[in-house]
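Take a look at the structure set out below.
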Amino acid sequence: MAAEKTSKLSEAYPMKAGDGPNSYAKNSAYQKGVVGAAKELLNRAIRDLSVLQHLSHCRLGPNTFLSVENILEAVEFKYQGQGFNSQILEFQVFFNDHTPNDFNMLFKSLPQSRQYYAAGVPGSFCGRIFANASIHLVHSSYALHWLSRVPKEIVDIDSPAWNKGRIDYSNSTEEVVRAYEAQYAEDMECFLHARAQEIVYGGLMVLIIPGRPNGTPHSLTLLNAVHQLLGSCLMDLARKGVVREEKVDSFNIPIYNTSPQELEAAVEKNGCFSTEKMENLPRISALDIDNVTRRAQLIAYHIRATTEGLIKQEFGDEILDELFGLYSKKLEQQPSIFESGKAINFLLVLKRNAN
Ligand code: SAH
């Protein structure tokens with residue numbers, strides 16, 4: 001069977017690799033909390049599924065292994081409950097991420113006691129990454145808010161959607177917001193289309209996606225608000241002459257915070273999946289710390305681990321410490337961002353319909 005060509009280009013934005021103090025592995029306690037919060041719901045979803053042996057997974061580090069263990073535990077439990085010997089089950093787990101990601105680190109840190117066969121699958125999940133009808137369960141946590149690229153028009157100086165002086169869309173013009181929304185809708189369409197071909201009939205897709213409750217303005221979404229503040233720090237550096245202002249104009253973070261309404265619309269448009277579950281996960285407490293200074297530092301580390309790669313590409317290594325030092329101070333001075341910002345994580349369980 002010929003592999004379908006990946007229908008579109010997608011850019012990679014590697015999280016900070018390795019396990020150093022600024023790495024993603026060391027600065028993703030929040031994402032880990034999300035995996036924990038989803039465990040019980042995941043158990044319930046898996047109870048209803050028939051066969052489950054080829055799992056596909058997006059990616060990196062300790063949180064990913066935890067998710068895999070939670071899924072396998074739920075499947076084994078289900079089999080035992082049906083009177084089968086779960087020892088006879090064999091699992092193949094595929095770990096997917098963009099090609100430039102640190103797969104070596106992933107392979108090196110695979111748990112020694114794991115009860116599954118592991119393989120790495122490089123390439124964007126916006127296109128095809130698996131053979132037809134070969135996957136029983138897809139799990140993705142904290143990845144689907146990344147756009148496949150920065151929308152073209154927002155870096156076009158002649159376009160009404162040019163995003164001057166900002167690195168996110170939350171307080172930008174209508175045109176910029178529309179461009180982000182349209183890119184997200186397009187990416188979800190490609191993602192669902194590709195998975196619909198790869199997942200067996202009756203197979204499951206478990207998606208954990210950060211976003212905003214229906215009706216929440218983009219500017220009140222926590223992740224947007226913290227990105228906006230980072231943008232203001234870059235503008236401060238531009239005023240000091242540390243970076244060029246045109247660079248800030250052309251730099252944008254390709255992250256979008258969706259809502260349940262938008263997700264439902266995407267699933268309906270695709271038509272190959274039924275929604276088994278759409279729930280808000282409980283609030284994650286990893287960043288609920290009373291000490292304002294400590295909290296500011298933690299958020300700064302967290303945002304650094306996910307955006308450093310992008311910023312480095314555009315502005316170089318040299319500015320990172322100064323930028324994130326300033327950022328941490330500003331976060332500390334503006335605690336209201338954290339207190340009023342809305343952050344919601346959705347658990348979406350989709351089942352592949354038989355055609
Ligand atoms: N699931 C992990 C990692 C989340 S970080 C956790 O919960 O901690 C998000 C990951 O998604 C990054 O490694 C990023 O490279 C990957 N990613 C983002 N867009 C992607 C795409 N289109 N295709 C494949 N991987 C992607």
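The values are calculated or read from the model by the stated rules, or taken from the named source; none is laboratory data. Model, not experiment: these values are computed from the prediction. Ideal geometry is used to build each Cβ from the backbone, glycine not excepted, and the neighbour counts take in all protein chains shown. Heavy atoms of the whole protein, side chains included, go into the accessibility calculation; ligands, DNA and RNA do not. Shrake-Rupley method; radii C 1.70, N 1.55, O 1.52, S 1.80 Å.
Considering only segment 202-220, how many residues are over 20 Å from Ala265 (Cα atoms) and in contact with a strand residue (DSSP E or B) (Cβ under 9 Å, 6 or more places away or on another chain)? Final tally of qualifying residues: 3. Does segment 115-128 include one or more residues that are modelled with pLDDT under 95, among the polar types (S, T, N, Q) and touching a strand residue (DSSP E or B) at 6+ places or on another chain (Cβ under 9 Å)? No, segment 115-128 contains no residue that is modelled with pLDDT under 95, among the polar types (S, T, N, Q) and touching a strand residue (DSSP E or B) at 6+ places or on another chain (Cβ under 9 Å).
Can you go through Asn270, Asn224, Asn214 and tell me which one is in contact with a helix residue (DSSP H, G or I) (Cβ under 6 Å, 6 or more places away or on another chain), in contact (Cβ under 8 Å) with a residue 24 or more places away in the chain and open to solvent by less than 20 Å² (accessible area, probe 1.4 Å)? Outline the logic, then answer.
Numbers: Asn270 fails: open to solvent by less than 20 Å² (accessible area, probe 1.4 Å); Asn214 fails: open to solvent by less than 20 Å² (accessible area, probe 1.4 Å).
So the residue among Asn270, Asn224, Asn214 that is in contact with a helix residue (DSSP H, G or I) (Cβ under 6 Å, 6 or more places away or on another chain), in contact (Cβ under 8 Å) with a residue 24 or more places away in the chain and open to solvent by less than 20 Å² (accessible area, probe 1.4 Å) is Asn224.
Of everything in segment 129-159 that is assigned to a loop (DSSP other than H, G, I, E, B) and hydroxyl-bearing (Ser, Thr, Tyr), the residue that is modelled with the lowest pLDDT is Tyr142.
Hey, any hits in segment 165-187 for a residue that's more than 19 Å from Leu223 (Cα to Cα), assigned to a loop (DSSP other than H, G, I, E, B) and not aliphatic (A, V, I, L, M)? No, there is no match, as no residue in segment 165-187 is more than 19 Å from Leu223 (Cα to Cα), assigned to a loop (DSSP other than H, G, I, E, B) and not aliphatic (A, V, I, L, M).
Scanning segment 64-103 for residues that are in a helix (DSSP H, G or I), out of contact with any Leu (no Cβ under 9 Å at 6 or more places or on another chain) and among the acidic types (Asp, Glu), we see that the one that is nearest to the ligand (Cβ to nearest atom) is Glu69. For Glu332, the criteria (1) within 28 Å of Lys247 (Cα to Cα); (2) touching a Ser or Thr at 6+ places or on another chain (Cβ under 7 Å); (3) surrounded by 19 or more Cβ atoms within 10 Å (Cβ to Cβ) hold in every case but one, which is (3).
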